[in-house]
Every structure is written in structure tokens, then in C-alpha cells.
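Written out below as C-alpha cells is the structure these notes cover.
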Amino acid sequence: MNSHLRGLAVLVLAMCVGAGWAFANEEGAVPASRMPEIDHIPVTAATAGRSVRLEAQINAFGRSLIYVRIYFRRPGESNFRFVDMRPGVEGYVGEIPARAVQPPGVQYFLIALLSDQSVMSFPSRNPYGQPFEIIVNEAGSQPESGAQPQPLRPAVPAREGPGKRPAKPDTAATPERISPQLHEKLRQMEALRAENSEDTASTPAAVLSLANPILPLSPEPFSKIPAEEGVLILASFAPEANIDSSSVRVKWNGTEITGRANVSALLVSFDAGRLKAGTHRVSIVANDASGRRIGPVSWQFEVAGRSPLAESGEEAGQRPVSGVTFAELRHEEFSGITLNNNNLGGNLNGAYGPLHFEAAAYFTSLESRTVQPRNRFVLSAGTGWLNFTLGDATPYFNDLVLYGRRVRGVQAGLHTGIVNVEFVTGQTMRAISPVPGVLGGTYQQTLTAIRPSFGSRSFQFGLTLMKARDDTSSIIAVPATTAPRDNFVIGADVLMAFSRRRIELKAAVAQSFVTKDTRLPIISQSYVDSVYTDGSVELPFDPAGFKDWLILNESTTPLDPRGKTALAYQLGLRLNYFNQYFTLTLKQIGSEYNSFGHTYLRSDISGFSLYDRLRLLGNRLNLNFGLERFTDHYDNFDGKPQTALNAVQFGFLLNWNPNLPTVSFNLRNYNRDNGVDSVFAVQVITLNDTTERVTDLRQNNRTRDFSLTFSHNLQAFRYQHTVSLSLTNSDRIDRWANQRVAGFGGGDVTSDLTSITVRTKYHSPLMTTFNLAFNDNNVGGRQNQFNFTMFSGRADYEFPRQQLRTFVALRRVSASGQNGITGAPVVNLIKYTQTGLQLGGSLLLRQRHEVVVDLALIKYSDKGGLQTASGFTPRSPFTNSVVRAHYEFRF
């Protein structure tokens, strides 16, 4: 479709806002070989200390899902952490933990692993380099204008929803039982902040001033609270007092609860739940930005009678247990192949006095002894100073040594604030017996690590020891089986924080040793003498005495650590001043560095990166800038040429007020140059002859990634609409594109995606969602082309009395392109249409039980095929069907 027709289509679609059309957002570029497969509406704003709920729908017909994960980090951090998403009512759901949601923001992307070992991501192009960004505001400072639009009846998450108690209480939210007076008071406060105007003296917030900078709001001083009512401790700070939120201290009945409260520069809140009968006292003290002490301000209130919970012996402030269990059946017929994917799971969390506990489990019919575990289970419990985890733990001990590796076993931690110890041991790989000619097999691998440390939040020094080893007795190896390995890593890290953690300095260093084949004999002095015949080298210790930690033999690297090829270090500096968040990272990872506890760490790289985020105009405008300078293959240990990796990025997020669109812009230029400017011949020697083969190692390309997004909530034609327009472009320009040797890849790459999204809520219980997207991809000077146009629409209708929601959706994709240059011996022609119809509904029973049934029919009409010298071989059309039943119980 040419640009004129495309512009006309976008215009016509935008005009449909008046008719109430709405569209499911699909941001980010897509791979050059397929249409978008993850549907997700990015979240752009959040409140500090509150978990961020994400939802996604995965379109992977004909392939089963192994897992879907959210990878997240704070801006400027080197590594991402992850949490697994679980099947939910509306696809997959997951949460970025509240502890990670801190100003100025958090970055995230989605990854899905499929049964054919292919990987999907969202954004689909360069998710690690250009993740989505969520602007995080201090609690009470600004509404979350960019949050994910809610459905007619929100799909109740595992930890929230009508009629249920939150698993992790949102301390800034209204408690489950609240008096009408307090509810009205909170409403007045929100209205006051929204209007940004003065109120009468009857409004509680109006009495705030420099003379009275801390105002108790809830419970009212000397008030009497019914025993069955939940208590929300709430106080407001005068904006002109310029309170330093890090200095706020809250005490309840003489016990400090600051760490459990939600604190910002304008508000402090704590959900105390139902309390024991009697008098309770609250005290708050703080400093202003200049360090001047304010307060303490104290008040007391009374809880009448005896709470049923108190009579049963439960502690005051106890949070009830809550969670969700689910079961899902999925049956798919794909081109004559039957696929079944059934799963069962759930999670719960809660507290009993000082003890907090969490549990989660996920069991799938895809579990098989021929692959690594796909089931997951974990149980965690602990207090503020002692914690224990059983099952699938993901420890984070050191950025270079052990970072997020799944360990099925036991993890424990002791945190006294002076001396701390963390320990984990368990299985990272399970044994898989080989199948001759089919499967090489895998040894069982166990990992043990310990990290003693000294200090707490302002200063901490830690030492990490980790060993991981393949168990040679776990399987009967065959020639195709990879040799059993052994790994020992020692690392140290230090954290120093100053000026109320506005300045943070982190450093980590580690040395690794890897034995590539533990079946070889252990090194002895006689072996060393045979290598160094002059007797110049003597072992300072007996390697056999070290075998419990590492098996040392001739396959161990490095045998001599003085070469520093297996040394890694990383330095990080973070500054958070004057609405500016700056990070600087220096790192060098040796070419032989290898930690089995951090399998995704890139080695043989050296350089630095810096990022700066500036918040302006009351956080309405966020500017960000990034610079990276790295050298790949920096030590030439592997003989490959050094490659310069340079990147510059710039972006802004403009969120002026709810009446104007939110604008997001990002631009990233990435250059890769190894300094090689010519091809060379390599001699290939075989048993029969010697031939020459031309090798092309030249790398000199520039990649530019560009994205521009407009999103807006508006009211038109008496209906509420959410409109989003997304433009993305990715261009890679290869300097040697016209001189490439056949078979050595390279070449230019271009990808363009335009999508428009509109979502409409009607006065009736109806919501419609529509989407239109265009994508053009060109690889290697039109050697590979893939273009598609996609239209999708969905209507949701709710029957409130029956607690029934129904929906119907339509999706049509038209794709064309080819792999290979016209006239080549083999050309794969792409020309197909995909038409999908989905319908279903969900029934909510007693606010705790929800049953979902949906059916999808997808018809593929394929006119493409293989074009060869002998003729054209077409591909056959087919129809795919999917039936899903999902049940959830929330408590």
C-alpha cells in the first residue's frame, strides 16, 4: 500500500472515534519475518512503592508457550531482573515488584519462550537496548496519567479485586473497610490537589501551612473507631514545607513503622488493618530540605470493643492471607496437528505477626524429562532479619557472580544490619538421559553459593563464593554428550551511599575458573614438570586437596590467573539531585570469564556507559540522554579483531496535563566497527585436497532506532476514548553492503511500523477496541522483504447483574514478501492472508470465582510457495482452532 492510501486509511480510522471504535495498542518494531505476536499496552506511569501490573496476549498459534517473563531494571543499571507471568483471565498477567518501582522510573520488556525454542519479545526489536520506560512519581505527587486502560470490569489480579483483600496491602489505597467520613476526606484531598486551588477552612488539607506543616488526617485525633473497621493511618505535609521524604520517621505505639509505611514528600500512609481494642498513638517527625527538624507531631485515637481478629489471638496490624489459584485447559488443532497445553497453579502471601510468607506454584502438561524443568514452585517465609526460601529460588548475590539464576533447592538469609549472610544450594540443571542419534543428554548440575557481608543500607561489603559442578554419575554419557564441567567463582562487592542515598557508589570484582572436562586427571607436580622441563614452575599447593571446590586439570581456564583473561570488574555511580538522575557504569569482562550463576553476562567486553534523566516543569517533561563506548574482543585472546561499539540515545516524555496528549520520543544511534576493510583468503585443508575460501569479517554499520508515540484520553461525541498513534523506524546501514561476499550476511536493514489505536467506553456496559497497523521490512537490499497490514477489532459487553462479560474479536492480516533475489535458484514467495475470529465470555461468581471459556478460529489462505528453476511449489491453506477454558479462585 502506498503512502497516500496508507495516510487515507489512518485518517478514516481516526474519524471512527465518533462511532466509538477502539484499538489494541501494539508498539515497537517487529521482526522482519513475522507479524506481531505479543499484544501488550505499555504502561507509562506509576507511583513509587506500588507494584505495576502488566497484561499481555500471546499469539503463537501452532506453538506452545514455555514461559512469559517481565524483565525490568532501573534506568542506567547494567542488568535486568525478571519475574514470570502466569496465565490469567485476559491472557498473561504479572507484576513488577513494588520494591523496584522507585523514582525516577523503571524500564521493562517482555520475553516469551516457545516450544520450538524460538523467542518472542515486546518490543520486538532490540528490547534490551530500547525497553519501555515507566515514569515513577512520588506517592501523592501526581496521578498516574499513563497507566494501562482498564476494561469494563477489570480483570481482577491475583492480589486485588472487589470483595478481596490485597495480598500485599497498598498502603496508599483505601482499606477494605473504611468510614464514610474518611472516604469523603480522602475524596476532598484528591479534589484539592487536582484543582490546585485553595479551599475553605472546612477542608482538612486547607489548614496546612509552614506554621502547621504536618496535619493528621486519619484517624482523627481522639476519635473512636469501631472494632470491625480497618484503620488507615494518614498524614499530609504542607508543600511549602519542602519535606525531605527520606527523613520522615513514623512511630505507632512506640514502635517505628517507617519501613512499612508509604512515604512521599506530600503524604505518609500506613494500612494498619483491624486493631485491638484500646488507645493507639501515632507520632511523626521529619526534616525539611535544609535539614531543619519538623515535629514531632503526635495524636491518639481509640478502637472500641474487641475485634474478632484480636480475640482470636492475631497480632495488631496483621495482614490477612490472600492469593489466587487457577486451572487452564487449552486444546489446539493446527494444520492437522493437535496441541494440548494444560496448566494448574496459584500464589498466596500474607503475614502472621512479624512473619511474612509467600508461595507460588505452576504445573504444566508440557513438563517432560527430556527437557529442563518447566514446572515451578517456591515457598518463602521470613521476618525483617531472617528469611528462608524452598523451591525455585532466583538469588541475586553479586552483579558478576550470581544474578537471577534459577536454583531449585534452599536459600536462606540472615540480615542483622551489621553482619549478614546469604546462602543458596540446589540444582540448576537436571539430568537428561541421552538418546543416541537424537539427544546428546545433559548432566545434572548443582550450585552452591555463600555471601557474607558487613553493613547495611549506607555501607556494605560482601564476599561471594560460588561453585557449580556437573554430576558425571547422573547419566550414562554417549559421544554426543557435552563434556561435564566445573566452575568456581570468587567475587567481592561494596556499596557506599551518602546524602540520604542520593549518592551511591557500587563496585564489584570477580575471578572465575572453569574446567571444561572434569573426566581428565587432576593436575600434579609431575604434569607441570613435563610441561616446564626446566623446573621453573612449582605448584604452591596440591590441586587434589582443592577438588571439593574445583577440579583442576589441563582443561581448566585460566591455569594462570595472572593473565587477567578471566577477571571481571564493574563500577557504578548514581547521583539523584535537583530532579536529575545520573548513572555512570565502567566495566570490563575478560574473554575467559564465565560464571554458571550469571549465564547471560556478556564476556570479552570493556568500556563505559552513562545515562542522565532530567525531570522538568513539575515532572511534566522528562529528558533522557545516554552514551555508550565499549570495545568487543578487547584483549584479542580469541584472535578476533577488536570491535568498537558506540551508541548515543536521546528521548523525552511530555505529560503536561490530562487534557493534552502524552508524547514520547526516543532516538538511538548504534555504531559497530571492527576496523577491517578488506576480505582475505583462508586455506581449507581436507584429506583429499587443499582449497581456498574467501572470508569476509568486515563490520562497519550504523543502526538508527526511532520511535514516536502520541496517546490521549479524551471525550468526544459523549463517549470516553483512549487514542494512541505509534510510529517506529529502524534502519541499519552497512558500509560494505554493495561489496559483500555471498554467504557472509550483512547488508542494509529497514523496518517501519505505523499503528493507530482507539479504545472507546460507552454509557452502556460496552467497550470496543480496534487496531490498524502497517509494517514494511527490507533486509539486504531487498534480498528479503516482508510487509503486512493488520486490522483487529474487539467488542466487550457486560451484564452487570449476572456478573457476565462476553466478547467477540476479529483479526485480519495480509502479508507479502520474499526471501531471496528474484531469479535466484530458490526464492521463497510470501503471500497469505490470515483471518481470525474469537469469541467467549467470563462469569464471575461471588466475587471470588471466575470461569472463562473462549474459542478462536483462524483461517490461513496461502498463495505463496517456493519458486525454483523447475517450477513453483505452492503452500496449502489450512484452518486452526483453539479452545480454552480458564478458572480462577481468589481469596
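The values are calculated or read from the model by the stated rules, or taken from the named source; none is laboratory data. Here the structure is a predicted model, which means the values were calculated and not measured. Neighbour counts run over all protein chains shown; Cβ positions are idealised from the backbone, glycine included. Areas reflect the complete protein model, heavy atoms only, side chains present, ligands, DNA and RNA absent. Shrake-Rupley method; radii C 1.70, N 1.55, O 1.52, S 1.80 Å.
Some observations on this one:
- Restricting region 239-286 to residues that are surrounded by fewer than 22 Cβ atoms within 10 Å (Cβ to Cβ), more than 24 Å from P226 (Cα to Cα) and touching a helix residue (DSSP H, G or I) at 6+ places or on another chain (Cβ under 8 Å), the residue that is modelled with the lowest pLDDT: A265
- Answer from G793, G817 - the residue that is touching a strand residue (DSSP E or B) at 6+ places or on another chain (Cβ under 9 Å) and over 21 Å from I41 (Cα atoms): G817
- Scanning region 1-14 for any residue that is part of a loop (DSSP other than H, G, I, E, B), modelled with pLDDT under 75, of a type in the set (S, T, Y) and surrounded by fewer than 17 Cβ atoms within 10 Å (Cβ to Cβ) turns up nothing.
- Selection within region 91-122 - open to solvent by 30 Å² or more (accessible area, probe 1.4 Å), in contact with a strand residue (DSSP E or B) (Cβ under 7 Å, 6 or more places away or on another chain) and at pLDDT below 85: Q102, S115, V119
- Residue in region 715-734 that is nearest to N775 (Cα to Cα), counting only those that are without any contact (Cβ under 8 Å) to a residue 40 or more places away in the chain and open to solvent by less than 50 Å² (accessible area, probe 1.4 Å): D731
- The set of residues in region 398-421 that are within 21 Å of A100 (Cβ to Cβ) and either open to solvent by 50 Å² or more (accessible area, probe 1.4 Å) or in contact with an Asp or Glu (Cβ under 6 Å, 6 or more places away or on another chain) (or both) comprises N398, R406, G413, H415.
- Just one of (1) surrounded by fewer than 19 Cβ atoms within 10 Å (Cβ to Cβ); (2) modelled with pLDDT of 85 or more; (3) among the small types (G, A, S); (4) under 24 Å from R451 (Cβ atoms) fails for A393. It is (1).
- For K863, the test of being surrounded by 14 or more Cβ atoms within 10 Å (Cβ to Cβ), more than 16 Å from N59 (Cβ to Cβ) and touching a strand residue (DSSP E or B) at 6+ places or on another chain (Cβ under 9 Å) is failed.
- Residues in region 82-129 that are in a loop (DSSP other than H, G, I, E, B), over 21 Å from N729 (Cα atoms) and touching a residue at least 60 places away in the same chain (Cβ under 8 Å): V89, E90, P103, P104, S115.
- Considering residues of region 352-390 that are of a type in the set (V, I, T) and surrounded by 18 or more Cβ atoms within 10 Å (Cβ to Cβ) only, the residue farthest from L329 (Cα to Cα): T389
- The test for being open to solvent by 70 Å² or more (accessible area, probe 1.4 Å) and within 21 Å of R485 (Cβ to Cβ) holds for D548.
- In this structure, L355 does not qualify as under 26 Å from P434 (Cβ atoms) and touching a strand residue (DSSP E or B) at 6+ places or on another chain (Cβ under 9 Å).
- Screening L234 on (1) at pLDDT 70 or above; (2) exposed (fewer than 11 other Cβ atoms within 10 Å of the Cβ) shows it passes everything except condition (2).
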